[in-house]
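Since the structure comes first, as structure tokens, the remarks are kept for the end.
The values are calculated or read from the model by the stated rules, or taken from the named source; none is laboratory data. Every value quoted in this text rests on a predicted model; they were computed, and no experiment measured them. Backbone-built Cβ (ideal geometry, glycine too); neighbour counts: all protein chains shown. The area values use the complete protein model at the heavy-atom level, side chains included, leaving out ligands, DNA and RNA. Shrake-Rupley method; radii C 1.70, N 1.55, O 1.52, S 1.80 Å.
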Amino acid sequence: VQLQASGGGQVQPGGSLRLSCVASGLPFSRYAMGWFRQAPGKGREFVAAQGWSGVITYYADSVKGRFTSTRDNTKNTVYLQMNSLKPEDTAVYYCAADSNVKNPTRNQYEYDYWGQGTQVTVSS
């Protein structure tokens, strides 16, 4: 199983980025997908989680209204569109896959597989 995250980079405050995470080696449509992030000196925190169909999606309060998670099961890919970025969004972003397809979870310890992370830096 491999989760390959990409799309990170450096952007000014107020800017946008779109992260992608391509999954291989698992039945993607049977997995809930999550996004987490870890800022320097801090623990990993929940960002978004989405069920297999994309209908059920949860967001952290800190990103609600600015970030949108979508998925394309035909491409085994989940996306995180990040708008109105703030310096406090600076972190390494990780995607993760959870076999509990019915109920996406905010709990990182329930995820089975993790990607390698992609750096997002918001700075002027």
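Quick notes
- Where both bridge residues fall in the chain, DSSP classifies roughly 95% of the beta bridges as antiparallel.
- P(r), alpha carbons of the range 56-113 - 5 Å bins starting at zero, rounded %: 4, 14, 25, 28, 19, 8, 2
- 14 Å beta-carbon shell around F36, net charge (K/R +1, D/E -1): -1
- Cα centroid separation, the range 4-40 to the range 53-106 (Å): 7
- The chain - convex hull of the alpha-carbon atoms, volume per residue in Å³: 87
- Coil-residue trypsin sites (Lys or Arg not before Pro) of the range 1-92, DSSP, other Cβ within 10 Å capped at 16: K42, K64, R66, K75
- Accessible area in square angstrom per residue, the chain, 1.4 angstrom probe: 50
- Test item: Cα-centred dipole of the range 75-124, Lys/Arg +1 and Asp/Glu -1 on Cβ, debye: 160
- Rounded to the nearest 20, the size of the Cβ-charge dipole of the range 16-124 about its Cα centre is 140 debye, with Lys and Arg at +1 and Asp and Glu at -1.
- For the chain, the relative contact order is 37 percent, taking Cα pairs closer than 8 Å that sit 6 or more residues apart in sequence and dividing their mean separation by the residue count.
- Debye log10 I(q)/I(0) for the range 24-97, one point scatterer per Cα, at q = 0.20, 0.25 Å⁻¹: -0.83, -1.17
- Accessible surface of the range 1-120 [probe 1.4 Å, protein heavy atoms]: carbon and sulfur percent: 45
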